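The values are calculated or read from the model by the stated rules, or taken from the named source; none is laboratory data. All figures in this text were calculated on a predicted structure; none of them were measured in a lab. Backbone-built Cβ (ideal geometry, glycine too); neighbour counts: all protein chains shown. Quick note on the areas: whole protein, heavy atoms, side chains included, nothing else; ligands and nucleic acids left out. Shrake-Rupley method; radii C 1.70, N 1.55, O 1.52, S 1.80 Å.
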Amino acid sequence: MAADPAGPRPRARLAPRRPARRGGAAAATACTWCGKPGDLVRKLLGHGAVAICDGCVALCADILEAELGPGWR
């Protein structure tokens with residue numbers, strides 16, 4: 001295949017994906033890790049467009065304890 005005489009084509013810029021917002025609020029309404037909506041979890045922790053639910057936090061704590069031992073905190 002011959003090279004394009006005009007040179008390489010610029011890549012199209014894609015807009016970053018943003019989580020759905022409820023009522024124009026700036027806070028995330030779903031867990032960024034597992035995708036569960038905020039109304040299906042006990043607690044969402046986060047700031048701005050990024051949040052993690054209590055279930056994912058518990059899973060992370062279990063993994064850290066299994067890998068680092070009970071004194072990881």
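In the range 28-61, the qualifying residues are those that are in contact with a strand residue (DSSP E or B) (Cβ under 8 Å, 6 or more places away or on another chain) and part of a strand (DSSP E or B), and the one that is most open to solvent (accessible area, probe 1.4 Å) is Leu45. Whenever a residue of the range 36-58 is over 23 Å from Arg73 (Cα atoms), its partners that are assigned to a helix (DSSP H, G or I) and among the small types (Gly, Ala, Ser), lying with C-beta atoms within less than 7 angstrom and at least six residues away or across chains, give the pairs Val41/Gly55.
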